[in-house]
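To keep things clear, I will list the structure first and then write my remarks on it.
The values are calculated or read from the model by the stated rules, or taken from the named source; none is laboratory data. Please read all numbers here as calculations on a predicted model, not as lab measurements. So basically every Cβ, Gly included, is an ideal-geometry build from the backbone, and we count neighbours across all protein chains shown. Accessible surface is based on the protein model in full, side chains and every heavy atom, while ligands, DNA and RNA are left aside. Shrake-Rupley method; radii C 1.70, N 1.55, O 1.52, S 1.80 Å.
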Amino acid sequence: MRISAPRLVPLLLACLLPVGAHAEWHVREEAIMGTRVAVELWSEDAALASRAMDAVMEEMRRTDELMSTYKPESQLSQVNAHAHERAVPVDPEIIKVVERGLEMSRLSGGAFDITYASVGYLYDYRAHQKPSDAAIAEALPGVDYRQVEVDREKNTIRFLHKGVRVDLGGIAKGYAVDRAVERLEALGITNAMVNAGGDTRLLGDRRGKPWVVGVRDPRNEGKLVTRVPLEDAAISTSGDYERYFEEDGVRYHHILVPGTGKSAHEVRSATVIGPPDSTLMDALSTTVFVLGVERGMAFVKQLEDVEAVIVDAQGRLYYSDGLAPPQ
Ligand code: ADP
Ligand code: MG
């Protein structure tokens with residue numbers, strides 16, 4: 001996989017830079033389908049800035065609606081209901097994201113797998129519901145990305161096995177961020193930050209200084225474990241605190257190990273930093289979370305220009321080789 005270089009600014013810089021407020025910086029924040037979406041951009045034209053921020057929110061809502069499996073009439077719900085019987089036609093955009101998901105499965109040796117949903121749908125974190133071991137065992141054969149067949153010409157998806165389901169939750173938010181940044185670029189914006197939950201993309205710099213993105217402490221929402229100065233880059237964090245419930249001291253959360261159908265427990269959060277491709281970073285953070293510290297760091301090492309910050313199950317902090325240690 002070829003990815004271009006992110007521009008990582010030495011961490012020390014972050015401590016020296018003053019934070020100044022300018023009238024030309026425009027900020028907007030909205031809650032879209034349970035996720036906090038934020039945009040900050042530079043423009044001397046207030047009307048253009050407002051249109052640009054509208055475009056970001058509109059793009060977030062559009063992609064969320066398109067990729068969701070929440071409503072039974074959605075395209076992916078139709079795929080999940082019928083693709084084991086026949087090839088189901090979907091929007092070319094869905095095909096594109098599914099293909100990237102499958103590519104990530106191959107790259108990660110199956111740690112990232114959009115068919116995690118074959119078991120994943122049995123969990124309801126809000127209702128504190130988890131499947132029994134027997135139910136997991138029964139659903140587990142459906143977790144296998146090789147059972148998903150994509151026809152790029154006809155824009156259809158077919159499953160080769162009955163109990164297969166897909167869900168783009170591990171990649172769709174990053175995709176939405178990329179599309180939103182594309183809208184900004186089309187409007188001539190050159191300096192912006194777009195964030196959706198754990199996924200952030202930086203367009204340009206913060207006018208003469210880097211953007212500084214904080215990595216939150218997975219057990220303390222108000223605290224950061226580190227700050228990363230970035231420009232023209234993407235950063236994504238996957239954490240066990242986004243959707244979970246606890247029972248008998250075990251945290252049941254939304255990132256599953258495809259091989260077992262259970263929540264991954266080696267780490268509390270995994271952050272990846274790399275080129276301006278949030279779709280890729282989103283999938284990579286989920287992947288590194290599943291792989292854990294040792295395998296996750298080894299995985300990141302073989303990807304050029306991608307760095308990682310991991311908080312393990314004991315709260316210990318790990319940095320990949322390319323990142324300066326915290327000051
Ligand atoms: P979020 O930013 O929404 O918390 P993450 O990037 O951390 O998302 O990914 C978590 C989401 O990815 C889950 O909610 C689920 O939809 C999906 N998912 C869970 N386990 C896997 C997996 N092993 N491979 C691919 N996607 C997964
Ligand atoms: Mg992710």
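Quick notes
- Taken as a whole, the condition of being under 20 Å from R100 (Cα atoms), of a type in the set (A, V, I, L, M) and within 14 Å of the chain's Cα centre (by Cα) does not apply to L291.
Quick grid of which residues meet (1) within 16 Å of ligand 2 (Cβ to nearest atom); (2) within 30 Å of G142 (Cα to Cα); (3) modelled with pLDDT under 95; (4) open to solvent by less than 20 Å² (accessible area, probe 1.4 Å):
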site: G208; (1), (2), (3), (4): no, no, no, no
site: V212; (1), (2), (3), (4): no, no, no, no
site: G222; (1), (2), (3), (4): no, no, yes, no
site: T226; (1), (2), (3), (4): no, no, no, yes
site: A298; (1), (2), (3), (4): no, yes, no, no
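- Of all residues in the stretch 204-222 being assigned to a strand (DSSP E or B) and in contact with a Phe, Trp or Tyr (Cβ under 9 Å, 6 or more places away or on another chain), the one that is nearest to D312 (Cα to Cα): R216
- Elements of the type helices (runs of 4 or more DSSP H) sitting completely within the stretch 84-155 and holding at least 2 residues that are among the hydrophobic types (A, V, I, L, M, F, W, C), surrounded by fewer than 17 Cβ atoms within 10 Å (Cβ to Cβ) and out of contact with any Cys (no Cβ under 8 Å at 6 or more places or on another chain): these cover 133-139.
Conditions tested, residue by residue: (1) away from ligand 1 (no atom under 11 Å from the Cβ); (2) of a type in the set (A, V, I, L, M, F, W, C); (3) out of contact with any Ser or Thr (no Cβ under 6 Å at 6 or more places or on another chain).
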site	(1), (2), (3)
L140	yes, yes, yes
E149	yes, no, yes
L160	yes, yes, yes
L187	yes, yes, yes
G198	no, no, no
K209	yes, no, yes
R216	yes, no, yes
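Residues checked against (1) surrounded by fewer than 16 Cβ atoms within 10 Å (Cβ to Cβ); (2) closer than 17 Å to R227 by Cα; (3) modelled with pLDDT under 95; (4) within 13 Å of ligand 1 (Cβ to nearest atom):
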| site | (1), (2), (3), (4) |
| --- | --- |
| G274 | no, yes, no, no |
| S278 | no, no, no, yes |
| V306 | no, yes, no, no |
| P326 | yes, yes, yes, no |
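- Residues considered: E44, E59. Of these, the only one that is outside any helix (DSSP H, G or I) and at pLDDT 95 or above is E44.
- If you check L230, L203 for being surrounded by 19 or more Cβ atoms within 10 Å (Cβ to Cβ) and in contact with a helix residue (DSSP H, G or I) (Cβ under 7 Å, 6 or more places away or on another chain), only one passes: L203.
- With respect to the conditions (1) surrounded by fewer than 24 Cβ atoms within 10 Å (Cβ to Cβ); (2) under 20 Å from D113 (Cα atoms), F289 falls short on a single one, namely (1).
- Test: residue in the stretch 248-270 that is more than 7 Å from ligand 1 (Cβ to nearest atom), at positive phi, part of a loop (DSSP other than H, G, I, E, B) and in contact with a Pro (Cβ under 8 Å, 6 or more places away or on another chain): yes
- Single condition S285 does not satisfy, out of (1) of a type outside the set (A, V, I, L, M, F, W, C); (2) within 16 Å of ligand 2 (Cβ to nearest atom); (3) outside any helix (DSSP H, G or I): (3)
- Among the residues of this structure, L184 does not count as one that is more than 20 Å from G296 (Cβ to Cβ), touching an Asp or Glu at 6+ places or on another chain (Cβ under 7 Å), more than 16 Å from ligand 2 (Cβ to nearest atom) and open to solvent by less than 10 Å² (accessible area, probe 1.4 Å).
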